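Engineer: First, the structure itself, so that you have it in front of you.
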Amino acid sequence: MKFEHLIEINDPLNPLADTMTREQLWRGLVLRAEDPKMFVPHLDECTISERESGSFMRRLRYGDLVIDDKVVLSPLHEVRYEVPAQGEIAQSLLTMTIEAPSEGVLWVRFLYDDGNALATDEMGRMYEDFKKSAYKEADIDTIKIVRQLASEGKLDASLLN
């Protein structure tokens, strides 16, 4: 199943909305990759290993379930999570891409590919709809946390150096 959606970050037509810089948004998305426990409430542990230029490996533990993945960073543009097939888990991919279609406008495109073919039966389609909804809610929560961190000044470059 492939699924994508957009979340608006900045809308220059809404003067009441807090705005973020591309750099703040980028730092927030990287923080989600490096410290996912801040963003994923059911995650018990995240261990980062094998850091290379532009990527790192992680081991995520949710109770007895352990998932290894690779995070690939394209600075100020994209964070990609690559999950190889392991155990009963199919190969999958999540890409978070920062888009700036016009001056002052920022979006994040979330693209999921869970490695499975589209469901052909009603039960399978209901399950896919449930997963899509869960993904979207998790992404909305991610952006809420990033917005909060930005508004508190915690994503400013001076604090991270």
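The values are calculated or read from the model by the stated rules, or taken from the named source; none is laboratory data. Note that this is a predicted model, so its numbers are computed, not measured. Because the Cβ atoms are built from the backbone with ideal geometry, glycine has one as well, and the counts that use them run over all protein chains shown. The accessibility values were calculated without ligands, DNA or RNA, using every heavy atom of the protein model including side chains. Shrake-Rupley method; radii C 1.70, N 1.55, O 1.52, S 1.80 Å.
Engineer: Using a basic spin-label model with each label point 7 Å from the Cα along Cα→Cβ, how many nm lie between Glu137 and Thr47?
Structural biologist: Between Glu137 and Thr47, the label points sit 3.1 nm apart.
Engineer: Taking Cα pairs under 8 Å and at least six residues apart, what relative contact order does the stretch 5-63 come out at, in percent? Write out the running numbers ahead of the final one.
Structural biologist: Working: 48 pairs, mean separation 11.5, N = 59.
Relative CO of the stretch 5-63 lands at 19 percent.
Engineer: Rounding to the nearest 10 and keeping the result within 0 to 90°, find how far the Cα-based axis of helix 22-34 lies from the longest principal axis of the chain.
Structural biologist: That helix lies at roughly 30 degrees to the long axis.
Engineer: Another one. Keeping the other protein chains in place, figure out the carbon and sulfur percent of the accessible area of the chain, with a 1.4 Å probe. Present the calculation step by step, with values, prior to reporting the outcome.
Structural biologist: On the way: 5130 of 9710 Å².
About 53 percent, which is the carbon plus sulfur part of the accessible surface.
Engineer: Quick one: 3J(HN,Hα) in Hz for the stretch 7-18, Karplus 6.51/-1.76/1.60 with θ = phi - 60°, rounded, Gly and Pro as x.
Structural biologist: Karplus values, whole Hz, x for Gly and Pro: 10, 6, 9, 10, 10, x, 7, 10, x, 8, 7, 5.
Engineer: Something else now. Quick check: the angle from helix 122-151's long axis to the longest principal axis of the chain, C-alpha only, nearest 10 degrees?
Structural biologist: Rounded to the nearest ten degrees, it is 30.
Engineer: Averaging sequence separations of C-alpha pairs under 8 Å and six or more residues apart, then dividing by the length of the chain, give the relative contact order as a whole percent. Each step should come with its number before you reach the end.
Structural biologist: Working: 254 pairs, mean separation 42.5, N = 161.
Relative contact order comes out at 26 percent.
Engineer: Report the per residue volume, in Å³, of the convex hull enclosing the C-alpha atoms of the chain.
Structural biologist: Numbers: hull volume 22.3 nm³, N = 161.
In the chain, the Cα hull volume divided by residue count equals 139 Å³.
Engineer: For the stretch 85-128, report the accessible area per residue in Å² (1.4 Å probe, heavy atoms, rounded to an integer).
Structural biologist: So the stretch 85-128 comes to 63 Å² accessible per residue, rounded to a whole number.
Engineer: Expected output is a single nm value to one decimal: the length gained when fully extending between Asn14 and Met38, i.e. 0.36 nm times separation in residues minus the C-alpha distance. What is it? Kindly include the intermediate steps, with their values, before the conclusion.
Structural biologist: Details: separation 24, 0.36 × 24 = 8.64 nm, distance 2.84 nm.
Difference between extended and current length: 5.8 nm.
Engineer: Lys132: which lysines have alpha carbons under 28 Å from its alpha carbon, excluding same-chain residues fewer than 8 sequence positions away?
Structural biologist: Reachable lysines: Lys2, Lys37, Lys70, Lys144.
Engineer: Counting only helical runs of four or more DSSP H residues, what would the 222 nm mean residue ellipticity of the chain come to if each run contributes -39,500 (n - 2.57) and the total is spread over all its residues? List each step's numbers first, then the result.
Structural biologist: Numbers: 3 runs with 47 residues, N = 161.
After summing the helix terms and dividing by residue count, I get -9500 deg cm²/dmol.
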